[in-house]
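Here, each number is a calculation from the coordinates, and none is a lab measurement. Here the structure is a predicted model, which means the values were calculated and not measured. Cβ coordinates were reconstructed from backbone atoms using ideal geometry, including for glycine residues, and neighbour counts include every protein chain displayed.
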Amino acid sequence: MRTSLGRAELLVTGSAGMLGQALLGAAHAAGTTCAGVDLPDWDLLDTEAARRALEAVAPSVVINCAALTDVDGCETAAGREAAFRVNATLAGGLARLCAASGIRLLHLSTDYVFDGTRAEPYREEDTPNPKSVYGTSKRRGEEAVLEAHPGALVVRTAWLYGPAGRKNFVEAILRLAREREFLEVVDDQRGSPTHAPDLARALLGLARLPATGIVHATNAGSTTWHGFARKILELSGVAREVRAITTTQLGRPAPRPANSVLDCARLAALGIRLRPWEEALGAYLAGRGGGAAPGVQPGPPAPRA
Ligand SMILES: NC(=O)c1ccc[n+]([C@@H]2O[C@H](COP(=O)([O-])OP(=O)(O)OC[C@H]3O[C@@H](n4cnc5c(N)ncnc54)[C@H](OP(=O)(O)O)[C@@H]3O)[C@@H](O)[C@H]2O)c1
C-alpha cells in the first residue's frame, strides 16, 4: 500500500535521505508546497510507480535525490549492479518522464565524477574521469539525464552533512571524540564540506532559474577530512587529538579523488552563493542540540580510531 500524494509545486525523489529531508524542510520554510517519495513506498525503478507519482503530484519541478550513495558498497558485484540501476537507469527514466510532461528537473550528482588529479578546483567543463563504481554510475546518470531531458540541470555537490539528528560525518566525529582517546582521520583528500540545508535553499533558487546543463554547488572554501574533523571539535569546544592518516592507511575499498573541490563560479554568476563551510558548520553545531546521532554516513571515509 503506497502513501497517498497530493498536488504540490515541488516533488522530491529520495525524500527520506539526507538531502531529501533538508529539501522538505527548506521548501516548508519557503512556503513552497512539496511532496516526497522514497523507498519502500515508492520504488522509482518501477517506471509505472514513478509515472503515478508524477501524475498525483503534478509538480512544476522535480529534484531527484534518489541514489545509491554507499560508495564502498558499490564496489561489490551486487552493489555495482544496484548502483548503475539506481544512479543511472532510474535517473534517466525519471528524466524521460519529466521531459514528456514538461516538468523542470534538477538532478543531484557528485564530486566523485572527477579523478582528483587536477591541482585547481574542478569546473563544470572539466572532463570527468571517475575512479570508483559509485562515481562511474553517477557520471552515467548525468549523461542519461541530460540526453533524455535537455532542459534538466545537473547539480554536482560534495561532502554533505545535516540536517541535525541524522547520521553524518559531524556526528560521527563528535561520538568518536567521546569514546576514544584520539581519532585518526584522512588528510590527503581535499573537498568542501557542505551543509545540506544550505544546499537545499540553493536548489530551490536554481529551480526557479532557466539554467540547464551542469552546475557545481558546495559551501565555499575547502579542507581535508582531517581539517574538517579538527574544526568540528574546535567549534564544539572538545579537546581531543586528531591524527592525520593517509587514504592508503585507511584502506577503504573504493578509490576517492585526492582533490574534489568544485569551482562554484557558475553558481555565483547565477546569483547564488553558499557561505564558507566553517560558518555553515558553526550554524549546524549551534542548532543541533544535545542529541547526537551515532554512526558514520557511508559517503565520507570513516574516521579511524
Ligand atoms: N552524501 C553526500 O556526501 C553526497 C555528496 C555528493 C553528492 N551527493 C548526491 O546527492 C544526492 C543525495 O544524497 P544523500 O546523501 O541525500 O543520499 P541518501 O541519504 O543516501 O538518500 C538517497 C535516498 O534515495 C533513496 N532511494 C534509493 N533507491 C531508490 C528507489 N529505487 N526509489 C526511490 N528512492 C530510492 C534511498 O533509499 P534507501 O536508503 O532505502 O536506499 C535514500 O532514502 C545523491 O544524488 C548523491 O549522489 C551526495
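Work from the charge dipole of region 1-71 (Cβ charges, +1 for Lys and Arg, -1 for Asp and Glu, about the Cα centre) and give the residue of Asn64, Gly17, Leu54 farthest towards its positive end.
Highest projection toward the positive end goes to Leu54.
Take the alpha carbon gyration tensor of region 217-290, find the square roots of its eigenvalues, order them as a ≥ b ≥ c, and report rounded if a/c is under 1.5; if not, report prolate when a/b exceeds b/c, else oblate.
Taking the square roots of the gyration eigenvalues as a ≥ b ≥ c, region 217-290 is oblate.
If one takes the longest principal axis of the Cα atoms in the chain, at what angle in degrees, from 0 to 90 and to the nearest 10, does the Cα axis of helix 169-179 lie?
Between the helix axis and the principal axis of the chain, the angle is about 30 degrees.
Which of Ala91, Ala144, Ala239 ends up with the largest GNM mean-square fluctuation for the chain, with Cα atoms connected below 10 Å?
Ala239
Expected output is a single nm value to one decimal: the length gained when fully extending between Glu125 and Arg178, i.e. 0.36 nm times separation in residues minus the C-alpha distance. What is it?
14.8 nm
When the dipole is taken about the Cα centre of the chain, and only Lys, Arg (+1) and Asp, Glu (-1) are charged at their Cβ, what size is it in debye, to the nearest 20? Walk me through the numbers before you get to the answer.
Details: 34 positive and 32 negative charges, 73 e Å.
In total the dipole reaches around 340 debye.
Can you give the longest stretch of the chain with no exposed loop site, where a site means trypsin sites (Lys or Arg not before Pro) in a DSSP loop (not H, G, I, E or B) with at most 11 other C-beta atoms within 10 Å?
That would be 8-207.
Rounded, prolate or oblate: which one fits region 114-229, using the alpha carbon gyration tensor with axes a ≥ b ≥ c (rounded when a/c is under 1.5, else prolate when a/b beats b/c, else oblate)? Working shown, then result.
On the way: a/c = 2.30, a/b = 1.62, b/c = 1.42.
Cα axes put region 114-229 in the prolate bin.
Anyone know which of Leu24, Leu160, Leu270 comes out most mobile in the 10 Å Cα GNM of the chain?
Result for the chain, Cα springs under 10 Å: Leu270 fluctuates most.
For the chain, what is the mean residue ellipticity at 222 nm derived from helices alone (per DSSP H run of n ≥ 4: -39500 (n - 2.57); sum divided by total residues; nearest 500 deg cm²/dmol)? Don't jump to the answer; show the numbers that get you there.
On the way: 11 runs with 114 residues, N = 305.
So the calculated ellipticity at 222 nm is -11000 deg cm²/dmol.
Using +1 at the C-beta of Lys and Arg and -1 at the C-beta of Asp and Glu, which of Leu285, Gly92, Ala265 has the Cα lying farthest in the positive direction of the dipole of the chain?
The listed residue farthest towards the positive side: Leu285.
Which shape class, rounded, prolate or oblate, goes with region 221-260 when its Cα gyration tensor gives a ≥ b ≥ c as root eigenvalues, a/c under 1.5 marks rounded, and past that a/b bigger than b/c marks prolate?
Working: a/c = 3.28, a/b = 1.71, b/c = 1.92.
Oblate shape, in that a/c is at least 1.5 and b/c is the bigger or equal ratio.
Expressed in nm², what is the orientationally averaged projection area of the convex hull enclosing the Cα positions of region 1-119?
Projected over every direction and averaged, the Cα hull of region 1-119 covers 8.8 nm².
Could you check the simple spin-label distance between Ala77 and Glu55, using points 7 Å along Cα→Cβ, in nm with one decimal?
Result for the modelled spin labels: 3.9 nm.
Report the paramagnetic label zone for Thr47: residues of region 125-154 whose backbone N is under 19 Å from a point 7 Å from Cα along the Cα-to-Cβ axis.
141-150
Quick one: check the C-alpha center-to-center distance for region 39-99 versus region 216-265, whole angstrom.
With region 39-99 and region 216-265 each reduced to a Cα centre, they are spaced 29 Å.
Using a Gaussian network model of the chain whose springs link C-alpha atoms within less than 10 Å, name the residue from His195, His107, His28 with the highest mean-square fluctuation.
Sorting by GNM fluctuation, first place goes to His28.
Over region 109-162, what number does the Rg to Rh ratio reach, with both radii from the alpha-carbon atoms and Rh per Kirkwood?
For region 109-162, the value is 0.97.
Filter the GluC sites (Glu not before Pro) in region 160-261 down to the DSSP loop ones having no more than 11 other Cβ atoms within 10 Å, then list what survives.
Sites meeting the loop and neighbour criteria: Glu181.
Would you work out the charge dipole size for region 10-76 about its Cα centre, treating the Cβ of every Lys and Arg as +1 and the Cβ of every Asp and Glu as -1, and quote it to the nearest 20 debye?
Roughly 380 debye for region 10-76.
Helix 91-101 against the longest principal axis of the chain: what's the angle in degrees, Cα atoms only, rounded to the nearest 10?
Taking Cα atoms only, the helix is inclined about 40 degrees.
Working from the alpha-carbon coordinates of the chain, get Rg over Rh, Rh being the Kirkwood radius.
When Rh is taken as the Kirkwood radius, the ratio is 0.95.
Just to confirm the number: angle between the C-alpha axis of helix 47-57 and the first principal axis of the chain, 0 to 90 degrees, nearest 10?
80
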